[in-house]
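Step one of this worksheet: look at the structure below.
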Amino acid sequence: MQRSQIIWKAAELIEEEAHILSLLESRSFGRPYSLHRAIDIKVAADNLRYFSGWCDKIPDDYQLRDERMIRYVRREPLGVVAAIMAWNGPISSAGMKLGPALAAGNCIILKPSEKTPLGTPYLGRIFAKAGFPPGVIQVLTGDGTLGSLMAHHERVRKLHWFGGNWQKIQEAAAKTNLKRVTLELGGKSPIIVFKDANLGNAAFCDVVDEFRALYYAKLVEMSKGKGVPSDEQTTYGTVADKLQYDRILSMIEQGKREATVGFGNPTGNGKGLFISPVVFENPSEIARVYKEEIFGPVEVMKVFSSVEEVVKMANDSEFGLMASVFTADVDCAARITDALEAGTVCINTSMAVSHRAPFGGQKQFGYSSEGGLESVLAYTQVKTVVQLVS
């Protein structure tokens with residue numbers, strides 16, 4: 001069976017095993033079963049189907065010829081590649097990495113976060129069932145010690161890293177075999193809403209007070225879905241673990257000193273690892289909740305009065321992952337898109353990420369992208385062959 005057929009088969013099996021995969025992940029961290037089933041499974045399967053089509057289409061066969069020489073260039077797999085993954089979407093994240101790596105002909109090692117050790121090993125069994133030979137896909141579970149071993153291993157030719165401490169990853173790559181490194185270091189993505197935005201696309205009105213009331217009503221409605229993450233009816237789950245819970249509460253407490261609480265009860269609920277939505281308004285420019293990625297249900301709202309002001313606010317971040325602009329003014333959207341320092345800019349929508357297009361950031365988000373042909377090429381190396389014509 002051809003590689004593309006096996007990848008496609010794996011996508012079908014992921015959909016068939018959606019219940020088990022969603023249940024395993026919802027029990028290991030707080031993301032609800034319903035979201036795993038509706039979003040993560042689809043993202044993983046869609047990525048695999050898309051990248052299965054690239055197996056025989058990687059552009060690697062152009063020729064350059066002069067009088068007595070033929071030169072042709074081809075792309076070859078790197079060999080063994082590895083990915084140390086985050087915990088906020090392990091199944092979808094695995095699909096986004098497995099697809100291009102396998103399409104390019106590599107073997108891949110996945111290390112899920114220690115917060116989410118259940119679903120990815122089961123995913124490995126699915127790929128074996130689809131027909132991949134032993135060793136092509138390996139799943140290793142463990143803590144940072146294992147991640148360090150992967151970063152230092154001489155046989156690993158490329159490492160995909162999600163998280164902080166990127167300097168240590170780069171140092172390990174430099175000290176060993178100069179392995180390629182893809183870094184995803186986080187984001188703090190602004191959503192810019194102008195007063196002429198379509199109310200159906202972005203909850204916004206001409207008057208800030210009206211917008212605030214509508215937005216907060218949506219948060220109240222969302223909170224009603226709170227429940228045990230593994231229950232199919234739950235749409236609002238817990239945070240990942242006690243460590244993350246305490247970190248978020250610490251940031252909320254600091255936020256109370258640096259901004260105004262606009263919505264929510266900025267304390268823990270006292271039962272389980274639930275944190276209700278909190279919105280801070282008018283934070284200082286150096287407020288922690290304003291500058292740092294939180295990975296929790298905490299948002300910040302600021303009012304602006306001009307395009308120049310909001311562009312400056314949006315770019316006032318060390319990250320540059322995404323940004324969204326809601327406006328009916330096409331020229332305004334175009335001007336802001338050019339000015340924003342972000343790898344992806346969405347207009348009159350948000351989180352419209354596709355496996356067909358590169359998804360990556362600018363500035364200290366990291367470098368390299370996922371999605372599209374670019375992600376396949378990132379798992380290849382170039383070889384030029386020169387042949388003398390007699």
(message) On the basis of being assigned to a helix (DSSP H, G or I), outside the structural domain of residue 378 (by the TED database) and modelled with pLDDT under 90, does residue 173 make the cut?
(response) no
(request) Out of the residues in segment 302-325 that are buried (at least 19 other Cβ atoms within 10 Å of the Cβ) and touching a helix residue (DSSP H, G or I) at 6+ places or on another chain (Cβ under 9 Å), state the one that is farthest from residue 265 (Cα to Cα). (result) 311
(request) Spot the failing condition for residue 241; the list is (1) in contact with a Gly (Cβ under 9 Å, 6 or more places away or on another chain); (2) at pLDDT 95 or above, and only one is missed. (result) (2)
(message) If the requirement is being more than 26 Å from the chain's Cα centre (by Cα), small (Gly, Ala, Ser), assigned to a helix (DSSP H, G or I) and at pLDDT 90 or above, which of these qualifies: 213, 217?
(response) 217
(message) Return the residues of segment 299-344 that are among the polar types (S, T, N, Q) and not in a helix (DSSP H, G or I); say none if nothing qualifies.
(response) 305, 306, 317, 324, 327, 344
(request) Determine whether segment 112-129 contains at least one residue that is farther than 23 Å from residue 22 by Cβ and either touching an Asp or Glu at 6+ places or on another chain (Cβ under 8 Å) or surrounded by 15 or more Cβ atoms within 10 Å (Cβ to Cβ) (or both). (result) no
(request) Report whether or not residue 74 is of a type outside the set (Asp, Glu) and closer than 18 Å to residue 11 by Cα. (result) no
(message) Please go through segment 106-132 and give me each residue that is in contact (Cβ under 8 Å) with a residue 60 or more places away in the chain, in contact with a Ser or Thr (Cβ under 8 Å, 6 or more places away or on another chain) and in a loop (DSSP other than H, G, I, E, B), ordered by number.
(response) 115, 116, 117, 118
(message) Can you tell me which residue is surrounded by the fewest Cβ atoms within 10 Å (Cβ to Cβ) among those in segment 363-390 that are farther than 26 Å from residue 98 by Cβ and not basic (Lys, Arg)?
(response) 390
(request) Just need a number here: residues in segment 356-389 that are in a loop (DSSP other than H, G, I, E, B), more than 14 Å from the chain's Cα centre (by Cα) and either of a type outside the set (Ser, Thr, Tyr) or not assigned by the TED database to the domain that holds residue 72 (or both). (result) 4
(request) Being of a type in the set (Lys, Arg), within 21 Å of residue 32 (Cα to Cα) and more than 23 Å from the chain's Cα centre (by Cα) is the filter here, so list the residues in segment 220-258 that pass it. (result) 224, 226
(message) For a quick check of your reading of the model, give me the residue pairs whose first member lies in segment 176-194 and is farther than 11 Å from residue 322 by Cα, whose second is of a type in the set (Asp, Glu), with beta-carbon atoms closer than 6 Å and at least 6 apart or on different chains.
(response) 176/154; 177/154
(request) Would you point out which residue out of 5, 63 is surrounded by fewer than 18 Cβ atoms within 10 Å (Cβ to Cβ) and assigned to a helix (DSSP H, G or I)? (result) 5
(request) Of the numbered conditions (1) under 19 Å from residue 371 (Cβ atoms); (2) surrounded by 14 or more Cβ atoms within 10 Å (Cβ to Cβ); (3) not polar (S, T, N, Q), residue 82 fails exactly one; give the number of that condition. (result) (1)
(message) Being assigned by the TED database to the domain that holds residue 19 and surrounded by fewer than 22 Cβ atoms within 10 Å (Cβ to Cβ) is the requirement here; does residue 142 meet it?
(response) yes
(request) Would you check if there is a residue in segment 91-102 being basic (Lys, Arg), closer than 18 Å to residue 358 by Cα and touching a residue at least 40 places away in the same chain (Cβ under 8 Å)? (result) yes
(message) Here is a check on your reading of the model: is residue 83 free of Cβ contacts under 8 Å to residues at least 24 places away in the same chain, within 21 Å of the chain's Cα centre (by Cα) and at negative phi?
(response) no
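The values are calculated or read from the model by the stated rules, or taken from the named source; none is laboratory data. All values derive from a computational prediction rather than experimental measurement. Please note: Cβ atoms are built from the backbone with ideal geometry, for glycine as well, and neighbour counts cover all protein chains shown.
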